[in-house]
1. Would you please list the contacts, defined by Cβ atoms under 9 Å and residues six or more apart or on different chains, that run from a residue in the range A:227-239 that is farther than 20 Å from A:Leu282 by Cα to a residue that is open to solvent by 40 Å² or more (accessible area, probe 1.4 Å) and in a strand (DSSP E or B)?
2. Given the residues A:Ser325, A:Ser312, A:Ser320, which is the only one that is buried (at least 19 other Cβ atoms within 10 Å of the Cβ) and at negative phi?
3. Do we have B:Tyr290 as of a type in the set (Phe, Trp, Tyr), crowded, with 20+ Cβ neighbours inside 10 Å, in contact (Cβ under 8 Å) with a residue 40 or more places away in the chain and within 18 Å of B:Gly399 (Cα to Cα) here?
4. Search the range A:296-337 for residues being in a loop (DSSP other than H, G, I, E, B) and aliphatic (A, V, I, L, M), and hand back the single one that is farthest from A:Gly252 (Cα to Cα).
5. Mind counting the residues in the range B:5-61 that are touching a residue at least 12 places away in the same chain (Cβ under 8 Å), at the interface with chain A (Cβ under 7 Å from one of its Cβ atoms) and open to solvent by 60 Å² or more (accessible area, probe 1.4 Å)?
6. Among the residues in the range B:331-345, are any free of Cβ contacts under 8 Å to residues at least 40 places away in the same chain and open to solvent by 10 Å² or more (accessible area, probe 1.4 Å)?
7. Taking into account only those residues within the range A:76-94 that are closer than 22 Å to A:Leu433 by Cβ and open to solvent by 50 Å² or more (accessible area, probe 1.4 Å), which is farthest from the other protein chains (Cβ to nearest Cβ)?
8. I need the full set of residues from the range B:371-384 which are within 13 Å of chain A (Cβ to nearest Cβ) and either touching a strand residue (DSSP E or B) at 6+ places or on another chain (Cβ under 9 Å) or open to solvent by less than 90 Å² (accessible area, probe 1.4 Å) (or both), in order please.
Amino acid sequence: APKRYWEETQNATKKVEAEKSSDESKQENTDKEKKTDPFPGDAPIPEERMKKFQRGNKLEVPAGTRLKLRETLTRSEAGSDLAQNQSARYDLLLTEDALEGEEDEDTCTISQEDIAEAVDITSGSKHLLLGGRRGHVTCIEWQTKNLMCEINVMETVQDIWLHSEAMFAVAQKKWLHIYDSSGVELHCIKKFNDVLRMQFLPYHFLLATASATGFLQYLDVSVGKEVAAIPTRCGRLDVMAQNPYNAVIHLGHPNGTVTLWSPNQKEPLVKMLCHRGGVRSLTVDKTGYMVTSGLDRKLKVYDIRAFKPLHSFFLPAGASCLSLSQRGLLSAATGDIVQMYRDACGGAPVTKPYMAHRVRGTVWGVGFCPFEDVLGVGHAEGFTSMIVPSGEPNFDALDMNPYRSTKQRQEWEVKALLEKVQPELISLDPGMLGKVDNATFEQKHKERVEAVGYDPLAHKKFKPRMRKRGRSSAGSVEKRKNKVAHEELK
Amino acid sequence: MKVKVLCRNPDDYVRETTRDIQRVPRNYDPTLHPFEVPREYTRALNATKLERVFAKPFVASLDGHRDGVNCIAKHSKSLSTVLSGACDGEVKLWNLSKRECLRSVQAHEGFVRGICSRFCGSSFFTVGDDKTIKQWKMGPPGYGLKEEPLNTILGKAVFTGIDHHQSEGTFATCGQTVDIWDELRSSPIRSFSWGVDSFSCVRYNPVETELLASCASDRSIILYDMRESTPLKKVIMKLKSNTLCWNPMEAYYFTCSSEDYNLYTYDMRCLDSPVRVHMDHVSAVLDVDYSPTGKEFVSASFDKTIRIFPKDGGHSREVYHTKRMQHVICVKWSADNKYILSGSDEMNIRLWKANASEKLGVLTAREKAALHYNQKLRDKFQHHPQVRRIARHRHLPRGIFRQKRELKEIKEAQTRKEQNVRKHSKPGSVPLVTEREKHVVTVVE
């Protein structure tokens, strides 16, 4: 039977003597009873995750810096450390898990039917825009299969969404047209003719078009003005991609080169030879990788930040369309087969595809649905959507929210327009604006000379006077002048 | 076969009812937020433009005086009460929140030269051209009673300024001498003079409460210790200074407003050269007052403008003027660090915001967060030429603008001439004198 407390107190006096002998062992017991936190402090954050949120290198305040500057620097450094820590810690809370495939199975043999049976998809509404070879333009909500509009322009078309689902641009045989989501023609822009490919730069509100006449044109869709028209002098431009990291337009050419363009320069920023034959298709990743496929039936991966080739694969049929997902999954269409490659960029060279699927006709275009595990494939017989684990699981609602309401969309539109990035800021390094301008003295001087029109620091060139008589010969005059020359410079 | 694909339940991402707030899941991954710097730069540019758009500093004008306002004093306890003395001898008490005059007293014959409130806020002192010091009750007189001073002291000469001790019943006046008075006595307990015939301003140090500083008409600033019988030391400058004000936070610094259009911040411990010269006014500076945070001060000038200077900045960050405001004689920074009061020649007291684009009234948490964010952005990109150009631009009246240009030309010419003289003299015979050293003649212990 359990003892009552009074029983214990009665025994306590007896116990005292016994305890005196075992005093030391008792102390140890009380220490154990005290609760101590086995993991004191904040949970450590993995190094890798911290690295993900690091912006720039850590600054070390140089010795001999003045107190005021030192304080400012250390404070700002502490602030950025805190931001990095907090966002890395917040990353733990992101609930949606990344995708995982199967184990010990040949993944590329699994058919789409099997996958479709195995999974269950319900998701927010997303809009899909389709343009047919014969001029059929449709926009539908692809999950509910609701038709938003359907028009037939009876010409070959290329089409693209603008900044929101309310407007899309259609490049028809002759001119560029802009329609709203119900199919009403809003604008016909005759300055943009014979457009073959288009890209929309969402943060700049720029529509970049590449035409059959070799012109690369930029249209500011917020004010409806042509920002730049660049004659590329590279012939017909039918391979185009944008770099989502720095909004530079990549163009592929029949001579195997890829050129990089910004609206501020009439010449290409970079011109790189990628293939022996013509470039068939190219796509650029947001982390700085470019994947190209050419008529030489090769698929090549380049690191755009360093302009270096990383891998090169040989595809027997050659890839006609390429697309990269948000998680870096590469899809390549060869004939009527769509192949998916995992870790094509960055990692070790890939030997076989992750998944493959044969569609009913020749593939004309592939595109990943953002924030979903879906790949849309347009082919000769119609449109097919495939389940491919590829999307970014956690979206940021302040940047891009697939579940936004009308009100949220309107608010987002106003904010996005207010912080529209000016086209002048497009350059290879988008972080350039935040760096210290360490222009050398020569550079500054050169700019000053250009601005002023003459060199204000230039000294008159020494011209010896032809004197026939007297002691002040040209040489001695020059010597005298040299004596005081350093004082003049002050 | 095991397949794992994204499967989102829309209910996790949209609000449950229309009365709920929208759900905003975040992901701070930098790759999801491209163009970080250009976008922030655009935001900073917008924030700077908006700041200039909303810069409407003028709040109210208090009219009622029948002559130019000569002095203003803050109430030591109540934020909304302000005292002002005019050139016709009238003293008015104002309620700032209602913007109305509470009470007017015909205090002196001739100018009211100085006014200050007692530390407890129950009474205030005035000095005037009629050689008297008067103590008045802060509250109105009883029903049917006449406005009568609590106490009147008749002095020997005209008093030009007064300041009260922080915590004791003593006060200091200046005139032909600097006198220390006990409130209960009718003659000064101490009287200082150092070969000077008149003083224009005397101020108690807010921290070392026994210390005083005064501006004298022989172009000097003199420091005193109330407990000693002789002054401590003085610095003589090229031109006379009109008023001075102690920095309330770092009370070893004081700033004086000078006749030579500049303000000088001195370190009390080392008067050899000022710590900083503040330029921008185009006429004599008449008054100066520190913000309670000690980070900025405001100055009033004969050029019809008031300017706000950072305590360690050589040029002003802000200039206020209106078409109707004439020579500004006195200026005060309110104790809540939000407003500035200026009294000018044309009989008005004007109330300004200390931060020109600040929104008045209660702010919601979101507004506050947005303001802080914008402030941070402006700080971050302040050195970019576009942002700096917009942030720096101030419209000036034509007269002041031209005068400023003229002064700039004069200064350039002087520097050029000095350089030429130096060039054509024996090396070392024309030494380089910094701007700070230029204006001090000597320090006398």
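1. From the range A:227-239, the pairs are A:Ala229/A:Lys191; A:Ala229/A:Phe215; A:Ile230/A:Phe215; A:Pro231/A:Phe215.
2. Criteria check complete, one pass: A:Ser325.
3. no
4. Within the range A:296-337, the match that is farthest from A:Gly252 (Cα to Cα) is A:Leu329.
5. 1
6. Yes, the range B:331-345 contains a residue that is free of Cβ contacts under 8 Å to residues at least 40 places away in the same chain and open to solvent by 10 Å² or more (accessible area, probe 1.4 Å).
7. Only one residue tops the list, namely A:Ser80.
8. The answer is B:Asn374, B:Leu377, B:Asp379, B:Phe381, B:Gln382, B:His384.
The values are calculated or read from the model by the stated rules, or taken from the named source; none is laboratory data. Keep in mind the model is a prediction, meaning the values are calculated, not measured. Counting neighbours? That spans all protein chains shown, and the Cβs are built from the backbone with ideal geometry, glycine included. Just the protein is used for accessible areas: all its heavy atoms, side chains included, with ligands, DNA and RNA removed. Shrake-Rupley method; radii C 1.70, N 1.55, O 1.52, S 1.80 Å.
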